[in-house]
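Input: a single structure, listed below in structure tokens.
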Amino acid sequence: MKQVDLKYCTKCGAPLTEIIVEGKPLKYCENCQTTYYDNPLPSVAVVASNGKGQIVLVKRKAEPGKGCWALPGGFIDDGESAIQASLRELEEETGLKGIVNNFIKIFNHESELYGHVIIITYEVGIIGGELKAGDDAECAKFFNVEEIPTLAFPFQQEAVEQVFGLNGSDLYEGV
């Protein structure tokens with residue numbers, strides 16, 4: 001939830017006030033002395049390939065990007081590393097098990113729904129499982145890299161291009 005939407009403390013339920021810290025307005029609970037910093041949300045996305053020049057994509061069931069194709073990914077859970085989150089999200093969304101081969105890049109994304117999101121991306125090799133859509137995906141499918149559809153988020157296109165050494169015109173030539 002974006003900080004501007006907070007009206008009550010999530011710890012004690014008291015009404016929040018606003019304070020200025022380092023020139024930035026922040027929500028503050030006078031009752032339990034909690035300051036609410038407006039930090040970005042950490043998330044992950046994976047470029048998961050089967051070693052045959054194909055990657056797995058999911059068709060998103062919910063916003064943001066509902067009905068669009070996307071890389072498997074999602075938010076990092078409390079106490080979970082980015083690598084653990086990547087492999088969990090891959091399995092939850094596609095039924096496939098993987099192993100992280102390489103770090104790709106950290107992307108910044110501004111979401112209307114979630115605010116500032118940081119996306120840590122990894123290249124993942126598929127090592128098992130059975131392809132099936134998870135509960136937050138309409139479907140999951142393998143695509144030849146040269147034939148992938150337009151992806152829900154621009155940073156995902158860049159991640160695929162980096163893994164396969166393509167530029168945007170090569171990747172979307174047939175689309």
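The values are calculated or read from the model by the stated rules, or taken from the named source; none is laboratory data. Please read all numbers here as calculations on a predicted model, not as lab measurements. Don't worry about glycine lacking a Cβ; one is built from the backbone with ideal geometry, like all the others, and counts go over all protein chains shown. Remember, those area values only see protein heavy atoms, side chains included, never the ligands or the DNA or RNA. Shrake-Rupley method; radii C 1.70, N 1.55, O 1.52, S 1.80 Å.
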**Q.** Single residue of GLY98, GLY74, GLY128 found to be open to solvent by less than 40 Å² (accessible area, probe 1.4 Å), assigned to a strand (DSSP E or B), over 18 Å from ALA159 (Cα atoms) and modelled with pLDDT of 95 or more
**A.** GLY128
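Listed here are the residues, each with its yes/no results for (1) open to solvent by 40 Å² or more (accessible area, probe 1.4 Å); (2) of a type outside the set (Phe, Trp, Tyr); (3) farther than 17 Å from ILE55 by Cα.
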{"residue": "GLU110", "(1), (2), (3)": "yes, yes, yes"}
{"residue": "TYR114", "(1), (2), (3)": "yes, no, yes"}
{"residue": "THR121", "(1), (2), (3)": "no, yes, no"}
{"residue": "VAL124", "(1), (2), (3)": "no, yes, no"}
{"residue": "LEU151", "(1), (2), (3)": "no, yes, no"}
Q: Write out, first by first residue and then by second, each pair whose Cβ atoms fall under 7 Å of each other, whose residues are 6+ apart or on separate chains, and whose first residue, in region 66-87, is closer than 15 Å to TYR122 by Cα while the second is open to solvent by less than 50 Å² (accessible area, probe 1.4 Å) and polar (S, T, N, Q).
A: ALA70/GLN156; LEU71/GLN156; PRO72/THR94; GLY73/SER43; GLY74/SER43; PHE75/SER43; ILE76/SER43
**Q.** Verdict on GLU146 being open to solvent by 20 Å² or more (accessible area, probe 1.4 Å), modelled with pLDDT under 95 and more than 17 Å from the chain's Cα centre (by Cα)
**A.** yes
(Q) What's the total number of residues in region 101-118 that are over 14 Å from ILE83 (Cβ atoms) and not in a loop (DSSP other than H, G, I, E, B)? (A) 10
Q. Can you tell me which residue in region 77-95 is surrounded by the fewest Cβ atoms within 10 Å (Cβ to Cβ), limited to those that are touching a Lys or Arg at 6+ places or on another chain (Cβ under 9 Å) and assigned to a helix (DSSP H, G or I)?
A. GLU91
Q | Complete set of residues in region 103-114 that are in contact with a strand residue (DSSP E or B) (Cβ under 7 Å, 6 or more places away or on another chain) and either on the phi > 0 side of the Ramachandran plot or touching a residue at least 40 places away in the same chain (Cβ under 8 Å) (or both) | A | ILE104, LYS105, PHE107, ASN108, HIS109, SER111, TYR114
**Q.** Number of positions in region 12-31 that are exposed (fewer than 12 other Cβ atoms within 10 Å of the Cβ), of a type outside the set (D, E, K, R) and assigned to a loop (DSSP other than H, G, I, E, B)
**A.** 3
Q: Could you tell me which residue of region 35-68 is nearest to GLU80 (Cα to Cα), considering only residues that are assigned to a strand (DSSP E or B) and open to solvent by 20 Å² or more (accessible area, probe 1.4 Å)?
A: PRO42
Q) What number of residues within region 131-140 are under 18 Å from GLY51 (Cα atoms) and surrounded by 16 or more Cβ atoms within 10 Å (Cβ to Cβ)? A) 1
(Q) Considering only residues that are of a type in the set (A, V, I, L, M) and farther than 17 Å from GLU158 by Cα, which ones fall in region 59-71? (A) ALA62
